[in-house]
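Undergrad: Please see the structure below; I have some questions.
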Amino acid sequence: MTHDHDLVLRPTAAQTEAALNPPPGRNGGDLVVETLAGLGATTVFGLPGQHALGMFDALRRSDLRYIGLRVENNAGFAADAYGRITGEAAPLLLSTGPGALTSLAALQEARAASAPVLAISSQVPTAGLGGGRHGYLHELPDQAASFRGVVKSVHTVRTQSQIPSAIAEAWTSALTVPHGPVWVEIPQDVLLAETAVPVVTGGDTFPEELPPRPELTAVAADLLSRAERPAIIAGGGVVRADASKKLRQLAERLQAPVVTTFGGKGAFPWTHPLSLQSWLEDRHTTDFLEDADVLLVVGSGLGELSSNYHTFRPRGRVIQIEADLGKLESNHPALGIHADARLALQALLETVGERTDPAAPERVRAVLDKVRERIASQELTLEQGVLAAVRRALPPGAPSFWDMTILAYWAWSAFDAEAPNAMHSAQGAGGLGYGFPAALGAAVADPTHPVLAVSGDGGALYSIAELATARQYDLNVTWLIVDDGGYGILREYMTDAFGQPTATELTRPDYVALAESFGVPGVRTSPKTLEADLAKALAAPGPSVVVLPAVLRMFAPTHLD
């Protein structure tokens, strides 16, 4: 009797020839790039360093496209966006010690947002491993320890024969739900030494699926079918699982209103009669969700932002579908279903009954009317006008990447992403500097659409060096910089909390002149001309910068009431 796991793939004649007669001059770095190519990678991001030169030398003997950024953290953000757009594991090549550590904030964001990033770093020579203090350049007692609390998995290589298997194992980990960043480290001498290991010609990996337990989906389907006031919170897991169509089918069958989290933007059509949009930082929405007798939470851990800063107190039964086991019931008791969102929604669609509720769209409109009235009472026409101008200027299908800035905070709640996987921000980990380098990674992933990056002047200075990257690779990214002379949101927080801000004001450059010094066209705009200037920049090929001098305000929170 033959079982699938007994089958062995026989090498082709070409593979046998390559194995028996490998080309001369190969080293451990060649094993890295050969393995990546065999796994299906076409593009790598990174920054060279002394210990990692074996990998970078091997790149010139491969067909992999290399995109080099100017700061390792920015390279990590670019790889993060590439992974989000393509769904592939994005290779990130780094050097030991300072180079590796500089990527930590980007890897934290990738972990929080479940973006598949395959970080491969060099290490000190093999003789220096083990925690001793040998005095090697870049030496750390335990480099991997710095990453264990950040990434999904850590893989340390000690010999060349381990390289293909370690990278394949890491690749599988990155692409097994929940997706996320992984870490591989290879000693300098292993990368540089000539290798006798045959050319890597295979690399198929099969990330495991995460189906729901059928007894749990049966209970969930029964609860939803009998609910009087069902509602749905759709998180980033819906987008990552490409489950938006299934979510819409289920919502329409149940006549259940849907609100998307900030990480789940675009998971449900913005103007759908059942759409509560993304107004999670609003007590009217929170009240509505608390009143649901059955609340289905899909692909969200109901963390700080998704729970209106932990003021959300559901009174009905909660069903939570979540691929990250650590997030399951971590904030609220629920019928917890550990599963990929797409597979779980499909199971529900196969078993849930159809409900009729003609009043559901009317109840949704009532909530949105209350939200609009609350915002309108705060005299925030400038902010609403700026956000609307950005939306009108952004072509259909063009993705946007938002830094941690006041306009992004507005966009979380008030911006129509128009499609799944089209709007991304650093709301997972909340670090500055994400928007522009992430947009560069997206432009590499899909050059058929212009890409918009949005930053404040504070965040812009984190990634200003990447204007050189944008120009070098002629990437089609328009960078909108809202210049308010400081860390605007922190200025507001401190003023509200302490009466006045401290350490929030910034001396900044002339961003237009600075962009032009990199050979990147720049324009200074105003709220009245923003739409036209931004649309023109997005329509032009290559990188561009649009600077909007404006002091924007945030709408008043409701979680402090």
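Undergrad: At 10 °C and a viscosity of 1.306 mPa s, what translational diffusion coefficient does Stokes-Einstein give for region 229-356, taking Rh as the Kirkwood radius over Cα pairs? Give it in µm²/s as a whole number.
TA: Numbers: Rh = 14.0 Å.
Translational diffusion coefficient: 113 µm²/s.
Undergrad: Could I ask something else about it? From the phi angles alone, apply the Karplus equation (6.51, -1.76, 1.60; θ = phi - 60°) to region 166-183 and give each ³J(HN,Hα) in whole Hz, x where the residue is Gly or Pro.
TA: Residue by residue, region 166-183 yields 5, 5, 5, 5, 5, 4, 4, 4, 4, 9, 8, 5, x, 4, x, x, 10, 10 Hz.
Undergrad: Could you state the accessible area per residue of the chain in Å², with a 1.4 Å probe and every protein chain left in place?
TA: With the other protein chains kept in place, the chain gives 41 Å² per residue.
Undergrad: Which net charge results when you count Lys and Arg as +1 and Asp and Glu as -1 among the other residues whose beta-carbon is under 15 Å from that of G299?
TA: Values: positive: R84, R240, K245, K246, R248, K265, K327, R342; negative: D242, E322, D324, E329, D340.
Here the count lands on +3.
Undergrad: Express the relative contact order of region 217-259 as a whole percentage, based on alpha carbon pairs under 8 Å and six or more residues apart in sequence. Can you show the working numbers first?
TA: Values: 24 pairs, mean separation 21.7, N = 43.
That works out to 50 percent.
Undergrad: So how do 210-218, 382-390 stack up, highest first, on mean other-Cβ count within 10 Å?
TA: Details: 210-218: 15.9, 382-390: 18.2.
In descending order of packing, they fall as 382-390, 210-218.
Undergrad: Okay, next question. One quarter of the convex hull surface, Cα atoms only: what value does that give for region 476-561 in nm²? Before the final figure, lay out each step's value.
TA: Values: hull surface 28.9 nm².
Mean projected area for region 476-561: 7.2 nm², to one decimal.
Undergrad: Okay, moving on. Taking just the alpha-carbon atoms of region 13-171, what radius of gyration and Dmax come out, in angstrom?
TA: Calculated on Cα positions, Rg and Dmax stand at 15.4, 48 Å.
Undergrad: Here's another thing I want to ask about it. Any idea what % of Cα-Cα pairs in region 125-279 are farther than 29 Å?
TA: Numbers: 5447 of 11935 pairs.
Cα-Cα pairs in region 125-279 separated by more than 29 Å: 46 percent.
Undergrad: Follow-up question, since we're still on this one. Restricting attention to region 237-313, which GluC sites (Glu not before Pro) occupy a DSSP loop and are surrounded by at most 15 other Cβ atoms within 10 Å?
TA: Details: sites: E252, E281, E290, E304; in loops: E281, E304.
Sparse-neighbourhood loop GluC sites (Glu not before Pro): E304.
Undergrad: Which of the trypsin sites (Lys or Arg not before Pro) across region 526-561 are loop residues per DSSP, with 10 or fewer other Cβ within 10 Å? Walk me through the numbers before you get to the answer.
TA: Numbers: sites: K528, K536, R553; in loops: K528, R553.
Within region 526-561, the qualifying trypsin sites (Lys or Arg not before Pro) (loop, at most 10 other Cβ atoms within 10 Å) are K528.
Undergrad: Using only the Cα atoms of region 298-400, what are the Rg and Dmax in Å?
TA: 18.4, 48
Undergrad: Please express the shape of region 50-100 as an equivalent ellipsoid: the semi-axes are the square roots of 5 times the eigenvalues of the C-alpha gyration tensor, given largest first in whole angstrom. If you can, show how the numbers build up before the last one.
TA: On the way: eigenvalues 72, 48, 13 Å².
Equivalent ellipsoid semi-axes, largest first: 19, 16, 8 Å.
Undergrad: Rg (Å, one decimal) plus Dmax (Å, integer) for the alpha carbons of region 447-524?
TA: Cα-based Rg and Dmax for region 447-524 come out at 14.9, 48 Å.
Undergrad: Please list the non-local residues whose amide H lies under 5 Å from the amide H of V297, H modeled 1.01 Å from N, same-chain partners needing a gap of 5 or more.
TA: Distant-sequence amide H within range of V297: I233, I319, Q320, I321.
Undergrad: May I ask for the angle, rounded to the nearest 10°, between helix 360-376 and the longest principal axis of the chain, with both axes built from Cα atoms and the value confined to 0 to 90°?
TA: Taking Cα atoms only, the helix is inclined about 90 degrees.
Undergrad: Work out the length of the dipole vector of region 503-546 about its Cα centre, built from +1 on the beta-carbon of each Lys and Arg and -1 on the beta-carbon of each Asp and Glu, and round it to the nearest 20 debye.
TA: In debye, rounded to 20, region 503-546 gives about 80.
Undergrad: Can you list residues from other chains, or at least 5 along the same chain, whose modelled amide H is less than 5 Å from the amide H of V545?
TA: W479, G522, V523
Undergrad: To check you understand DSSP bridge types, tell me what percent of the beta bridges within the chain (both residues inside) are antiparallel, rounded to 5. Mind showing how you got there, number by number?
TA: Numbers: 2 of 61 bridges.
Antiparallel bridges: around 5 percent, rounded to the nearest 5.
Undergrad: Once both axes come from the Cα atoms, what is the angle between helix 104-113 and the longest principal axis of the chain, in degrees from 0 to 90, rounded to 10?
TA: 50 degrees
Undergrad: Tally up the carbon and sulfur contribution to the accessible surface of the chain as a whole percent, 1.4 Å probe, everything protein left in place. Don't skip to the end; give the middle numbers.
TA: Details: 12090 of 22730 Å².
About 53 percent, which is the carbon plus sulfur part of the accessible surface.
Undergrad: Calculate how steeply helix 435-445 sits against the longest principal axis of the alpha-carbon atoms of the chain, using the helix alpha-carbon long axis, and give the answer as 0 to 90 degrees to the nearest 10.
TA: Tilt of helix 435-445: around 60 degrees.
Undergrad: Report the equivalent ellipsoid semi-axes for region 350-492 in whole Å, largest first, defined as the square roots of five times the eigenvalues of the gyration tensor built from alpha carbon atoms.
TA: Numbers: eigenvalues 198, 92, 34 Å².
Listed largest to smallest, the semi-axes of region 350-492 are 31, 21, 13 Å.
Undergrad: Just to confirm my numbers, what's the Cα centroid distance between region 393-418 and region 505-554 in Å?
TA: Here the answer is 16 Å between Cα centres.
Undergrad: Rounded to the nearest 20 Debye, what is the dipole magnitude of the chain about its Cα centre when Lys and Arg each give +1 and Asp and Glu each give -1 at the C-beta? Don't skip to the end; give the middle numbers.
TA: On the way: 42 positive and 61 negative charges, 79 e Å.
Dipole size: approximately 380 debye.
Undergrad: May I ask you to derive the relative contact order of region 266-331, considering only C-alpha pairs under 8 Å and at least 6 residues apart, and to give it as an integer percent? It would help to have the intermediate numbers written out before the result.
TA: Details: 81 pairs, mean separation 20.3, N = 66.
Over region 266-331, the number comes to 31 percent.
Undergrad: Just the accessible area for R111, please: 1.4 Å probe, Å², rounded to the nearest 10?
TA: Rounded to the nearest 10, the figure is 90 Å².
Undergrad: Moving on. Return the FRET efficiency for the residue pair T126, R471: r is the Cβ-Cβ distance, R0 is 35 Å, and the value is rounded to the nearest 0.05. If you can, show how the numbers build up before the last one.
TA: Values: r = 40 Å, r/R0 = 1.13.
With R0 = 35 Å, the Cβ-Cβ based efficiency is 0.30.
Undergrad: Starting from the Cα of K370, draw a straight line to each of the aspartates and glutamates and keep only those under 17 Å, dropping any in the same chain fewer than 8 residues away.
TA: The reachable aspartates and glutamates, counting only those whose Cα sits under 17 Å from K370, are E281, D282, D287, E290, D291, E362, E379, D561.
Undergrad: Please report the relative contact order for region 424-561, taking Cα pairs under 8 Å with a sequence separation of at least 6, and give it as a percent rounded to a whole number. Don't jump to the answer; show the numbers that get you there.
TA: Values: 227 pairs, mean separation 34.2, N = 138.
Over region 424-561, the number comes to 25 percent.
Undergrad: Residue by residue, what Karplus-based ³J(HN,Hα) values in Hz, rounded to whole numbers, does region 421-429 have, using 6.51, -1.76 and 1.60 with θ = phi - 60° and x for Gly and Pro?
TA: 6, 9, 10, 9, 8, 8, 6, x, 9
Undergrad: Can you give me the long-range amide H partners of V44? Hydrogens built in the peptide plane at 1.01 Å from N, cutoff under 5 Å, separation of 5 or more residues or another chain.
TA: Placed amide hydrogens put R65, Y66, I67 under 5 Å from V44.
Undergrad: About its Cα centre, what dipole magnitude does region 443-521 give when the only charges are +1 on Lys and Arg Cβ and -1 on Asp and Glu Cβ, stated in debye to the nearest 20? Kindly include the intermediate steps, with their values, before the conclusion.
TA: On the way: 3 positive and 11 negative charges, 24 e Å.
Here region 443-521 has a charge dipole of around 120 debye.
Undergrad: For the chain, max minus min Cα coordinate along each principal axis, in Å, sorted largest first?
TA: The Cα atoms of the chain stretch 72, 70, 45 Å along their principal axes.
Undergrad: For region 188-304, report the convex hull volume of the alpha-carbon atoms normalised per residue, in Å³, without decimals.
TA: On the way: hull volume 21.8 nm³, N = 117.
Dividing the Cα hull volume of region 188-304 by its residues yields 186 Å³.
The values are calculated or read from the model by the stated rules, or taken from the named source; none is laboratory data. Note that the structure is a prediction, hence the values are computed from the model and not measured. With ideal geometry, Cβ positions are generated from the backbone for all residues, glycine too; neighbour counts draw on all protein chains shown. The accessibility values were calculated without ligands, DNA or RNA, using every heavy atom of the protein model including side chains. Shrake-Rupley method; radii C 1.70, N 1.55, O 1.52, S 1.80 Å.
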